[in-house]
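First up is the structure itself, then whatever we jot down about it.
The values are calculated or read from the model by the stated rules, or taken from the named source; none is laboratory data. Here the structure is a predicted model, which means the values were calculated and not measured. Note that we place each Cβ from the backbone using ideal geometry, even for glycine, and neighbour counts take in every protein chain shown.
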Amino acid sequence: MPKDPSTHAGPTADELRAVVDRHAAAVYRVALSIVHDAGLADDVVQETMIKAWRSSPVAPGELIPRSWLLKVAHNSAISLLRSRREDLRGPDTLPESPTEIDTDRRVEGMAQLDELWEAMRHLDQDARVLIALKEVDGLSYEDISETLGLPLPTVKTRLFRARRQLKDALKEWR
C-alpha cells in the first residue's frame with residue numbers, strides 16, 4: 001500500500017525531482033543494458049524512482065546515493081525480465097538526437113553506433129551492465145561493487161574481461 005505523503009519520511013517531491021533530473025539518464029542506461037527495450041527501460045526508470053521515493057535510505061534533505069539508486073534500477077530490471085518471458089527488442093530503438101549535423105557525419109555516426117550495439121549484444125548481460133556502469137556512467141569500481149553487490153576484485157576482473165570481449169567483438173565488425 002502506498003505511503004501517505006503527509007507522513008512520508010523520504011524525499012519531498014522537489015527532492016525527488018532533483019534525483020530524477022540528476023540520475024534518470026544513468027538509471028535508463030543501466031535498465032536498457034539489461035532489458036534491451038526502450039519502453040521497458042522507461043518502465044524501469046519509473047519503478048526505480050517510485051522505489052526511491054518510497055524507500056529512500058537517507059533522511060529528507062540528504063542526497064540519495066547514486067550507487068543505491070543504480071542498484072535499485074538493476075534489481076528492478078532483472079525483476080521485470082523475470083516477469084516477462086518473451087523475446088525483447090534490442091537497444092537499437094534508442095531515439096535519435098534532434099541535433100543538426102550534416103548527413104554524412106550522421107550516417108557515419110549511426111553506423112558506428114550500430115556496430116557498438118551489435119557488439120554489445122554479443123556480450124553477456126553482466127558484461128553489458130558493467131560496461132554501461134563504468135564506461136558510460138563513469139562509476140568507480142567501488143560504486144559498481146556496491147551497486148551490483150559484488151566483491152571489488154570480482155568487479156575488476158569481470159570488467160577487464162568485458163572490455164576484452166567488447167574489443168574482440170568490435171574487431172569482427174571492422
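Quick one: count up the residues across region 136-174 that are outside any helix (DSSP H, G or I) and under 22 Å from Ser76 (Cα atoms).
Residues flagged as outside any helix (DSSP H, G or I) and under 22 Å from Ser76 (Cα atoms) within region 136-174 amount to 7.
Condition check ((1) among the small types (Gly, Ala, Ser); (2) modelled with pLDDT of 85 or more; (3) not assigned by TED's automatic domain parsing to the domain that holds Ser67) across all residues:
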{"position": "Val129", "(1), (2), (3)": "no, yes, yes"}
{"position": "Ala132", "(1), (2), (3)": "yes, no, yes"}
{"position": "Thr154", "(1), (2), (3)": "no, yes, yes"}
{"position": "Arg161", "(1), (2), (3)": "no, yes, yes"}
{"position": "Asp168", "(1), (2), (3)": "no, no, yes"}
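Please state which of the following conditions Leu123 fails to meet, knowing it meets all the rest: (1) loosely packed, with under 13 Cβ neighbours inside 10 Å; (2) assigned to a loop (DSSP other than H, G, I, E, B).
(1)
Looking at (1) closer than 29 Å to Val20 by Cβ; (2) modelled with pLDDT under 80, which is the only condition Glu146 fails?
The single condition Glu146 does not satisfy is (2).
If I ask for residues that are part of a loop (DSSP other than H, G, I, E, B) and at pLDDT 80 or above, which ones from region 51-107 would you list?
Listed by number, the list holds a single entry, Pro65.
Six or more apart or on different chains, Cβ atoms under 8 Å: show the pairs whose first residue is in region 32-56 and closer than 15 Å to Asp137 by Cβ and polar (S, T, N, Q) and whose second is surrounded by fewer than 18 Cβ atoms within 10 Å (Cβ to Cβ) and at pLDDT below 85.
If the second residue must be surrounded by fewer than 18 Cβ atoms within 10 Å (Cβ to Cβ) and at pLDDT below 85, the pairs left are Ser33/Gln125.
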